[in-house]
1. Using the structure shown, decide if G173 is touching a Lys or Arg at 6+ places or on another chain (Cβ under 9 Å), assigned to a helix (DSSP H, G or I), of a type outside the set (D, E) and closer than 28 Å to L293 by Cα.
2. Can you name every residue in segment 176-189 that is open to solvent by 60 Å² or more (accessible area, probe 1.4 Å) and either aliphatic (A, V, I, L, M) or in a helix (DSSP H, G or I) (or both)?
3. I need the full set of residues from segment 310-334 which are open to solvent by 10 Å² or more (accessible area, probe 1.4 Å), in contact with a helix residue (DSSP H, G or I) (Cβ under 7 Å, 6 or more places away or on another chain) and touching a residue at least 12 places away in the same chain (Cβ under 8 Å), in order please.
4. Go through the residues of segment 29-47 one by one and say whether even a single one is surrounded by fewer than 23 Cβ atoms within 10 Å (Cβ to Cβ), within 18 Å of the chain's Cα centre (by Cα) and of a type in the set (S, T, Y).
5. Going by the conditions given, is S119 touching a helix residue (DSSP H, G or I) at 6+ places or on another chain (Cβ under 9 Å), buried (at least 24 other Cβ atoms within 10 Å of the Cβ) and either part of a helix (DSSP H, G or I) or free of Cβ contacts under 8 Å to residues at least 24 places away in the same chain (or both)?
6. Restricting attention to segment 403-419, which residues are open to solvent by 70 Å² or more (accessible area, probe 1.4 Å) and over 16 Å from L339 (Cβ atoms)?
7. If you go through segment 349-363 one residue at a time, how many are open to solvent by 10 Å² or more (accessible area, probe 1.4 Å) and part of a helix (DSSP H, G or I)?
8. So N347 passes all but one of these: (1) modelled with pLDDT of 85 or more; (2) out of contact with any Phe, Trp or Tyr (no Cβ under 6 Å at 6 or more places or on another chain); (3) closer than 28 Å to V392 by Cβ. Which condition number does it fail?
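The values are calculated or read from the model by the stated rules, or taken from the named source; none is laboratory data. All values reported here derive from a predicted model rather than from experimental measurement. FYI the Cβ positions are ideal-geometry reconstructions off the backbone, even for glycines, and counts take in every protein chain you see. We work out accessible area using only protein heavy atoms, side chains counted, and drop any ligands, DNA or RNA first. Shrake-Rupley method; radii C 1.70, N 1.55, O 1.52, S 1.80 Å.
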Amino acid sequence: MSELTAVGPIADPQNRSRLARITKTNFARLMPLMIVIYIIAFIDRTNIGMAKSALEVDIGLTAAAYGLGAGLFFFAYSLLEVPSNLLMHKLGARFWIARIMITWGVLSMLMAVVWNEWSFYILRVLLGAAEAGLYPGMILYITYWFPRADRARAIGLFLLGVSLANIIGAPLGGALLQLDGLGGLHGWQWMFIIEGLPAVLLAFWVWFKLPDRPRQAKWLSDEDKQLLEEQLAAEDDGKGAQAHGFRALLPVAKDRILWLVIAVYFTHQVAVYSLSYFLPSMIAGFDPDMAPLTVGLITAIPWISAAIGSVLMPRLGTTIGRQKALVSGGLVAVAAGLLISVLSGHNLLLAVIGFVLAAFWFFVIQSMLFTFPGRRLSGMAVAAGIALINTVGLFGGFLGPTIMGSLETATGNPLAGLWFIIGLAVCGALLALGLKGSGRETAVAKN
């Protein structure tokens, strides 16, 4: 029996079979909606990547200013992560996620009115503030519904939304850019308006259909609800269970392993968001005459690889040893893939192969890292731990695009910033070797 399934009702073979059925049902009922929400969120967060060249022409945005604006989203997002997640734990997922979606959707559409660098900066900050808490809130929500053994797979499927957002969003953005001139608007203005609207509309579906906890799930019997809650309670080590508000941060701050997770996640986020915002312009740099739709279609290829990785690999992370190996080895693979791309010269095919290798591991790594708060903490401390990991880690989302933009402006080479990402990925791989689970898991593993 694996170390992740050794406690609670699941130790009984009969209960194990029932819990497997319950988990399968919860996957079918919850994950499609969660994935769609994150697809829309990530498209609205990163669609400026497709608009980068047009914004440079129409409002005079430099590569450095673009990189700073891309990163400013994460500055506001990070500062509000912890309070947002604590509020969701208190107010309920249904209300809080719907609120986030409406505000971010409206602000995403307002990106169509930017006219200079400062208006671009301000709206990016406001968009980050509006969306703050969505990702850690969703990860926290997963801990309400899935036992530990299934969380990496659930997070991996949820992160499929990022890959699908880029697979869908890049070609869609390229197509919408070709509406340039329709109704007197630029193509990038149509892109922001059309891509921001689904968040507002879907928020009402979330409000009416998303249950806060298993006890409110209409698709589970009372016996199934009780069994699932007993299993989740049995896996709870109790650390931070009685902490409330910002006091819930205390057990998080004292946990050295979670700070190690934060450091590893920081290196990971630098890579993910640097590619999210700069991959279209890097692809376009190989052929300045390439049509926007073609750029979008090629940009989608590495994200197809990321989608495959997020589906296939997280199910292997059933023990702490395997999860540590997937994180460390995955970061080495990211560094290797980006090294291939940066050394590709003028060979677009070779560069894309490198990006494909790197992207395959992006959400394998992320799904493993976010299992740690749920296995080391409980109660409000889990909410605080997830939010803090995302808060500090997402400064990588600020730093990566900012440095990428600055190095592109300084050198004229869109690939120059990849060297920085490669170095950080190697550092993250080394740090990941120190990851470990809770004291209970360690004892079970030894037995």
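1. Here the answer is no, as G173 does not meet what is asked.
2. Of everything in segment 176-189, those that are open to solvent by 60 Å² or more (accessible area, probe 1.4 Å) and either aliphatic (A, V, I, L, M) or in a helix (DSSP H, G or I) (or both) turn out to be L182, G183, G184.
3. V311, M313, R315, T318, I320, K324, L326, S328, V332, A333
4. Yes: segment 29-47 contains one or more residues that are surrounded by fewer than 23 Cβ atoms within 10 Å (Cβ to Cβ), within 18 Å of the chain's Cα centre (by Cα) and of a type in the set (S, T, Y).
5. no
6. Residues satisfying the conditions are T409, A410, T411.
7. Residues that pass the stated criteria total 7.
8. It fails just one condition, (3).
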